[in-house]
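The values are calculated or read from the model by the stated rules, or taken from the named source; none is laboratory data. If you're wondering where the values come from, they're calculated on a predicted model, not measured in any experiment. A quick note on method: Cβ atoms are made from the backbone with ideal geometry, for glycine too, and the neighbour counts reach across all protein chains shown. For accessibility, only protein heavy atoms count, side chains too; no ligands or nucleic acids. Shrake-Rupley method; radii C 1.70, N 1.55, O 1.52, S 1.80 Å.
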Amino acid sequence: MLDDLRIRRYCDTDARVTRSIFERAVRVTAAADYTAEQLAAWVPEDRADTVLDDWAARRTAVTTWVAELDDSVVGFTDLDVKIGYLDMLFVDPDAGRRGVGSALIRHVLDEARVVGLRELTVQASRTAQPVFERHGFVVVREQRVERRGVLIENAVMRIPLDASAG
């Protein structure tokens, strides 16, 4: 099935669908690992255009890729090549557990090597930690971040990169 997966660069018209995937992934997929209060702080119900405008600006401030299956966006990820930081990796719950997240991580790792990065870091949710670990990321430290007055646990993870690997 993933033979049909296509990964391409994000474009302006992807803002709404990637935001929707982010919201659904947090509210549905991450619900197994976080409380309702934590999920609401992570992704509040506010869907104003200003949220979407800010979202689009954040997606274009870094290199963002989307994954498509059957011409539908099913996931996305990003990379800030200036600092080697992967901020977002989200897969639509309807496409989960099919290898979309892994394909996106492999893509980011390949791109990071191409631009000569020596390591990547990520702040991975409890939900995402296992997939990052399968790709060689290791936990540097556990942490709690505050979102709208609520503490949410995640882990700082890193992976060293060998420019000749891949």
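Things to note:
- Scanning the range 83-104 for residues that are in contact with a Ser or Thr (Cβ under 7 Å, 6 or more places away or on another chain) and assigned to a helix (DSSP H, G or I), we see that the one that is nearest to residue 21 (Cα to Cα) is 93.
- Top-ranked residue in the range 116-166 [being among the hydroxyl-bearing types (Ser, Thr, Tyr) and in contact with a strand residue (DSSP E or B) (Cβ under 6 Å, 6 or more places away or on another chain); ranked as surrounded by the most Cβ atoms within 10 Å (Cβ to Cβ)]: 125
- Test: residue 95 is without any contact (Cβ under 8 Å) to a residue 40 or more places away in the chain and either touching a Leu at 6+ places or on another chain (Cβ under 9 Å) or surrounded by 20 or more Cβ atoms within 10 Å (Cβ to Cβ) (or both): yes
Rundown of residues vs (1) among the charged types (D, E, K, R); (2) open to solvent by less than 30 Å² (accessible area, probe 1.4 Å); (3) modelled with pLDDT of 95 or more; (4) more than 16 Å from the chain's Cα centre (by Cα), yes/no style:
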| position | (1), (2), (3), (4) |
| --- | --- |
| 11 | no, no, yes, yes |
| 17 | no, no, yes, no |
| 21 | no, yes, yes, no |
| 40 | no, no, no, yes |
| 43 | no, yes, no, no |
| 48 | no, no, no, yes |
| 72 | no, no, yes, yes |
| 105 | no, yes, yes, no |
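- The number of residues in the range 1-40 that are closer than 17 Å to residue 87 by Cα and among the aliphatic types (A, V, I, L, M) comes to 5.
- A Cβ distance below 8 Å, combined with a sequence gap of six or more or placement on separate chains, defines the contacts here; from the range 110-134, residues that are in contact (Cβ under 8 Å) with a residue 40 or more places away in the chain reach residues that are acidic (Asp, Glu) and open to solvent by 60 Å² or more (accessible area, probe 1.4 Å) in the pairs 113/162.
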